[in-house]
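Below is one structure, written out as structure tokens; comments come after it.
The values are calculated or read from the model by the stated rules, or taken from the named source; none is laboratory data. Just so you know, these numbers come straight off a predicted model, no measurement behind them. Every residue, glycine as well, gets a Cβ built from its backbone with ideal geometry; the counts of neighbours run over all protein chains shown. Ligands, DNA and RNA are stripped out before the accessible areas are found, and what is left, the full protein with its side chains, is counted by its heavy atoms. Shrake-Rupley method; radii C 1.70, N 1.55, O 1.52, S 1.80 Å.
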Amino acid sequence: MPSIAQNGSRNTTQSRKQKPVLKFSNQPRSAADVIARREIIKRQRESLPIASVKERLVQEVKNHDILIIVGETGSGKTTQLPQFLFNAGFCPDGKVIGITQPRRVAAVTVAKRVAEECGVELGQKVGYSIRFDDNTSSSTRIKYMTDGLLLREALLDPYLSRYSVIIVDEAHERTVHTDVLLGLLKNVQRARVKSVNDHVIVNNKKASNSITNENGKGAECTTLLKQCQRKFPPLKLIIMSASLDARLFSEYFGGARAVHVEGRQHHVDVFYTLHAETDYVDAALITIFQIHLEEGPGDILVFLTGQEEIEGVERLVQEQLQKLPEERKKLLTVPIFSSLPSEKQMRVFMPAPAGYRKVILATNIAETSVTIPGIKFVIDPGFVKARSYDPVKGMESLIIIPTSKAQALQRSGRAGREGPGKCFRLYPESEFEKLEDSTKPEIKRCNLSNVILQLKALGIDDIIGFDFLEKPSRAAIQKSLEQLFLLGALTDDCKLSDPVGHQMARLPLDPIYSKALILASQFNCLEEMLIAVSMLSVESIFYNPREKSAEAKTAKKCFASPDGDHLTLINVYRAADELLQKRRMELSTEKNEKNIKGKNEKIVRKWCKENFINSRSLKHACDIHRLFTPFVPPFFLFSLRLFYFLVGFIYKF
Ligand SMILES: Nc1ncnc2c1ncn2[C@@H]1O[C@H](COP(=O)(O)OP(=O)(O)OP(=O)(O)O)[C@@H](O)[C@H]1O
């Protein structure tokens, strides 16, 4: 390992220089540029491994209602297959091909790419739909979305009748939503076939009667049958990933056919450390600078476990950069994690300024499906933050655990999307061999209250009998049922209660928070509860750096409430709000909204820094607070609107 980070002290002062910024090019492209870009994309698509098996894949989908497709990362599954199917006529009568992704950022960026490949405006033929952001229209035929969103659609349309094909992408991730979705899609397939069969029986009876009665009736029945078949054609279901256990999925779907797409577009060299690293953050830092100083051009993607770790590494990179000669300082850090507002997440997809190398510090949000242009190097310390559930205590927590082999494969797959790449795994090869093959399904390590609420809302009352790909433990199901019962979401006979259970199922929140909001309106503290729930829904509000721990504790005391942490969080939110209200008065003569926003952002960031508050988390909490409002049950929406009107409570950092 090189010396720079090992020898360097971490306590150097930060540069006062402005950080270079990432900018979208908003220059209109000339017609020649557009034609050249189209030509490049056309060639890229033709060279993808999946392109050579296009006809075969289309035929497989025609022949089988359920198909499992396994293909190398970057082989073209996510972007190409939906286009092949669309062109082969899989969208008759305005039907839609739906592709689910476990993560929002993947749904958005892949849809953008496919719209560009098709030469259409995003939201027309190709669109995406994620919670709080629907970019589709009546002409959308290829729709990327999160698996959670499709589950919510099923609440409104149990036949998912708009879809002719549903592709469950990145199924190896085994999120709770994916697992529930698979069981549900199995039911939808059966229900559609049954619905058509029922019509066949009814119509056959009518038709045989009509031969002896009126001839015209027979034709009418045939037309009705055709209409029914058009409304409910068999649902084609495709399960895809680069790293799924095909046998498990095939057995679950009654021996479904699995096909493998051979070939990888670009080679990725994988390197391991000789010995186990005692501090993977330090090892990651060393590797970043090793690449920066010794390798050719290309951006770096580093996988870390969470926001705090990412922000810590960001600071360390800045500190180390100060020790380099001017011409070597052109390294730009860009973070991405789930609680980062989406416009900030999108910064990782922007090119670095000329001469700079971009280093993206990411959680596993960037692990699957996404293509980040420019990435040539991946650094994988081999850890991930995952949910863990203790059914005895009923407690859920986040713990840092080693990744699975499947995750390691996905991570290395992020290099080599535009050309050959390199992946540095920060552990010895012998450790890789010890990793689990696949990630433990989330459904086996989380509180199931939300899932149960959703299933009940879908009319599935027998949770233990539900056809899960892998059943969660009986103890976990029972504990969650108990919890829902205590929250008043279930009746004595275990049905969804009316109205509380139904209201809770509608809110996209943890059931405890949903119930808290419902009760808050009765206790006249809805305003406080909305703030508390928003603040509890983000990563830690308080920032506690190791080297300034005493100062951070003193700062926290200013907000502390003797009545508990929730009120402490409300105090923080209100103090920030007060600051903004004051600023708004001071800036009352300023007309330009953009200027006001910019100035406010700066002030809040400064205030956060002084008070050891995590400004990103606070901003995210404010965003959530704003977004929750439409989901609050209608019976107290009025009071909420009135509240907004009276106090003029408008948050805009
Ligand atoms: N936004 C993008 N910008 C540039 N190239 C892209 C983009 N999205 C996809 N590509 C190109 O298309 C290729 C195929 O991507 P696609 O996501 O379809 O592969 P995949 O087989 O689904 O991979 P994975 O299993 O990793 O999700 C990528 O390797 C890359 O070359």
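Here G459 meets each of (1) in a helix (DSSP H, G or I); (2) open to solvent by 10 Å² or more (accessible area, probe 1.4 Å); (3) farther than 30 Å from L274 by Cβ with one exception, condition (1). Exactly one residue out of P441, P391, P381, P428 is over 21 Å from the mean Cα position of the chain (by Cα), closer than 30 Å to G488 by Cβ and not hydrophobic (A, V, I, L, M, F, W, C), and it is P391.
In region 428-446, what count of residues is obtained for those that are open to solvent by less than 50 Å² (accessible area, probe 1.4 Å), away from the ligand (no atom under 16 Å from the Cβ) and closer than 26 Å to H177 by Cβ?
Start the filter on region 428-446 by keeping residues that are open to solvent by less than 50 Å² (accessible area, probe 1.4 Å), which leaves 428, 432, 435, 439, 441-443, 445-446.
Narrowing the set further to residues that are away from the ligand (no atom under 16 Å from the Cβ) leaves 428, 432, 435, 441-443, 445-446.
Among the residues that remain, those that are also closer than 26 Å to H177 by Cβ are: 435, 441-443, 445-446.
Residues meeting the conditions: 6.
Condition (residue is at pLDDT below 95, more than 27 Å from K385 (Cα to Cα) and open to solvent by 10 Å² or more (accessible area, probe 1.4 Å)) applied to region 299-314: is it met by at least one residue? No: zero hits.
Residue count for region 237-271 satisfying the condition of being within 12 Å of the ligand (Cβ to nearest atom), farther than 15 Å from T78 by Cα and in a strand (DSSP E or B): 1.
The set of residues in region 409-427 being more than 10 Å from the ligand (Cβ to nearest atom), part of a loop (DSSP other than H, G, I, E, B) and surrounded by 15 or more Cβ atoms within 10 Å (Cβ to Cβ) consists of A415, L426, Y427. Take the conditions (1) in contact with a Ser or Thr (Cβ under 6 Å, 6 or more places away or on another chain); (2) open to solvent by less than 40 Å² (accessible area, probe 1.4 Å); (3) at pLDDT 95 or above; D147 misses just one of them, which is (3). Name every residue in region 364-400 that is within 13 Å of the ligand (Cβ to nearest atom), open to solvent by 40 Å² or more (accessible area, probe 1.4 Å) and of a type in the set (D, E, K, R), in order of residue number. Within region 364-400, K376 is the sole residue that qualifies.
F523 passes every criterion in (1) without any contact (Cβ under 8 Å) to a residue 24 or more places away in the chain; (2) farther than 11 Å from L453 by Cα; (3) open to solvent by less than 60 Å² (accessible area, probe 1.4 Å) apart from (3). Among the residues of region 150-163, none qualifies, meaning not one is surrounded by 19 or more Cβ atoms within 10 Å (Cβ to Cβ), within 16 Å of the ligand (Cβ to nearest atom) and assigned to a helix (DSSP H, G or I). For region 575-588, the count of residues that are in a helix (DSSP H, G or I) and in contact (Cβ under 8 Å) with a residue 60 or more places away in the chain is at least one.
Scanning region 57-71 for residues that are more than 6 Å from the ligand (Cβ to nearest atom) and under 18 Å from P102 (Cα atoms) gives I68, I69, V70.
Taking into account only those residues within region 494-516 that are of a type outside the set (A, V, I, L, M) and assigned to a helix (DSSP H, G or I), which is nearest to S480 (Cα to Cα)? Only one residue fits best here, namely P511. A single entry from I97, I35 fulfils the requirement of being open to solvent by 70 Å² or more (accessible area, probe 1.4 Å) and among the β-branched types (V, I, T): I35. Under 6 Å between Cβ atoms, at least 6 apart or on separate chains: pull out the pairs that start in region 374-389 with a residue that is free of Cβ contacts under 8 Å to residues at least 60 places away in the same chain and end on any residue that is of a type outside the set (A, V, I, L, M, F, W, C). So the pair list comes out as R387/R445; S388/S397; S388/R445.
Just to be sure, is P508 over 23 Å from the mean Cα position of the chain (by Cα) and surrounded by fewer than 19 Cβ atoms within 10 Å (Cβ to Cβ)? Outline the logic, then answer.
Values: over 23 Å from the mean Cα position of the chain (by Cα): no; surrounded by fewer than 19 Cβ atoms within 10 Å (Cβ to Cβ): yes.
Against the criterion (over 23 Å from the mean Cα position of the chain (by Cα) and surrounded by fewer than 19 Cβ atoms within 10 Å (Cβ to Cβ)), P508 does not qualify.
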